[in-house]
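Since every read-out is calculated from the coordinates, none of them should be taken as a lab result. Predicted model, so just to flag it, every value in this text is computed and none were measured. Counting neighbours? That spans all protein chains shown, and the Cβs are built from the backbone with ideal geometry, glycine included.
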Amino acid sequence: METVRTQALTRRFGELVALEQLTLAVEEGEIFGLVGPDGAGKTTTMRLLTGILEPSSGEAWVDGLHAVRDAEAIKDRIGYMAQRFGLYPDLTVQENIDFYAELYDVPKAGRSERLERLLAFSNLTPFRRRLAGNLSGGMKQKLGLACALIHTPRVLFLDEPTNGVDPVSRRDFWRILYQLQQERVTIFVSTAYLDEAERCNRIGLLHQGRLMACDTVDGVKGLLKGALLEVQCESPRRAAVLLRAGKVGSVALFGDRVHVLADDADRGRAAVEAILRTEGLACHAVDVIEPTLEDIFTSALPSGAA
């Protein structure tokens with residue numbers, strides 16, 4: 001069953017096209033990741049799906065409701081955690097959750113049990129009396145998630161929820177998301193972290209408002225045609241410039257290595273070695289490797305965008 005669906009969803013701000021012809025579907029109980037750099041259109045997509053923005057054209061449905069015509073009804077069925085979630089620093093952890101319970105008209109009967117469950121769920125029980133302003137970044141994110149869950153939403157929208165959060169807190173946050181998935185909550189999460197995208201059931205790669213690919217992580221990796229070569233050599237930055245000029249394939253710099261996407265492994269390796277030899281750069285190794293999501297993303301970017 002499709003819980004989120006868009007059809008040619010587009011949003012313009014004057015002459016700027018923030019999102020262009022987005023068409024995708026997310027199944028019930030799925031963790032779907034919208035992946036892209038800053039400015040890709042991720043937040044605009046979130047705001048369109050949650051009824052905060054209206055599209056310039058196209059349509060969207062969430063849990064069977066139209067994102068424009070049924071915008072108010074949708075808000076009762078979703079949880080939305082924006083990049084800067086509206087916690088109140090001068091309220092305690094428990095007071096923040098209570099406040100959101102009032103906003104969502106959560107019935108008094110059973111509210112305390114639900115609050116206790118959320119505190120335990122997010123490991124915030126020992127900090128229930130602490131002011132939100134005194135929490136660490138990771139704990140603030142978990143509190144934001146608890147507030148977004150107080151009314152038991154069917155669909156959860158998370159806009160870069162772990163941005164700037166330490167690795168341990170990021171791991172804990174994803175552990176909570178997996179628990180929610182077991183309860184059949186549909187999770188639509190945006191992220192700029194490609195390692196986090198690996199945790200999703202399916203992902204959509206977004207760049208400059210356009211969806212470049214949408215599939216499972218393995219399915220997206222399978223879209224890469226040709227052989228991916230990892231080049232270990234002297235002066236990798238200079239080598240990348242030379243290899244781009246030599247048009248051996250798609251070239252990207254990865255730390256102290258250069259990745260080259262060639263049509264054929266043997267011909268690509270020979271071309272790389274010949275170019276570097278001619279320019280007097282020592283080439284230590286050219287190996288065929290399995291692509292990462294970062295390789296997929298950089299290879300899919302328009303020429304010169306990487």
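Just a few scattered comments:
- Each Lys or Arg adds one and each Asp or Glu takes one away; over the other residues whose Cβ falls under 14 Å from the Cβ of Q181, this sums to +1.
- Interchain or long-range residues, amide H under 5 Å from F254's placed H: H259
- Å³ per residue enclosed by the Cα convex hull of region 155-231: 135 Å³
- Cα centre as origin, Lys/Arg/Asp/Glu Cβ charges: region 227-290 dipole, Debye: 300 debye
- Read-out P(r) over Cα pairs in 10 Å bins from 0, in percent, derived from the coordinates shown; its label in (i) 6, 28, 37, 23, 6, 0; (ii) 5, 25, 35, 26, 9, 1; (iii) 6, 24, 27, 21, 13, 7, 2, 0: (iii)
- Near G29: Cβ cut-off under 11 Å, other residues only, Lys/Arg at +1 and Asp/Glu at -1. The net charge is -2.
- Rounded to 10°, Cα long-axis angle of helix 137-149 versus longest principal axis of the chain: 50 degrees
- Under the convention that each Lys and Arg Cβ holds +1 and each Asp and Glu Cβ holds -1, the size of the dipole of the chain around its Cα centre is about 480 debye.
- Each Cα pair under 8 Å and six or more residues apart adds its sequence gap; the mean of these over the residue count of region 1-143 is a relative contact order of 19 percent.
- Paramagnetic reach from A25 in region 50-74 [backbone N under 11 Å; point 7 Å along Cα→Cβ]: none
- Compared with the dominant Cα axis of the chain, that is its longest principal axis, helix 265-278 is turned about 70°.
- The mean sequence separation of alpha-carbon pairs under 8 Å and at least six residues apart, normalised by the residue count of the chain, gives a relative contact order of 19 percent.
- Rounded tilt (10° steps) of 236-245 against the dominant C-alpha axis of the chain: 70 degrees
- For the peptides 46-55, 133-142, the ranking by mean Cβ contacts within 10 Å, running from highest to lowest, is 46-55, 133-142.
- Across region 227-290, C-alpha contacts under 8 Å between residues 6 or more apart give a mean separation that, scaled by the residue count, equals a relative contact order of 49 percent.
- Relative to the Cα centre, the charge distribution of region 104-221, modelled as +1 at Lys and Arg Cβ and -1 at Asp and Glu Cβ, gives a dipole magnitude of about 460 debye.
- Peptides 150-157, 120-127, ordered by how many other C-beta atoms sit within 10 Å of their residues on average, highest first, read 150-157, 120-127.
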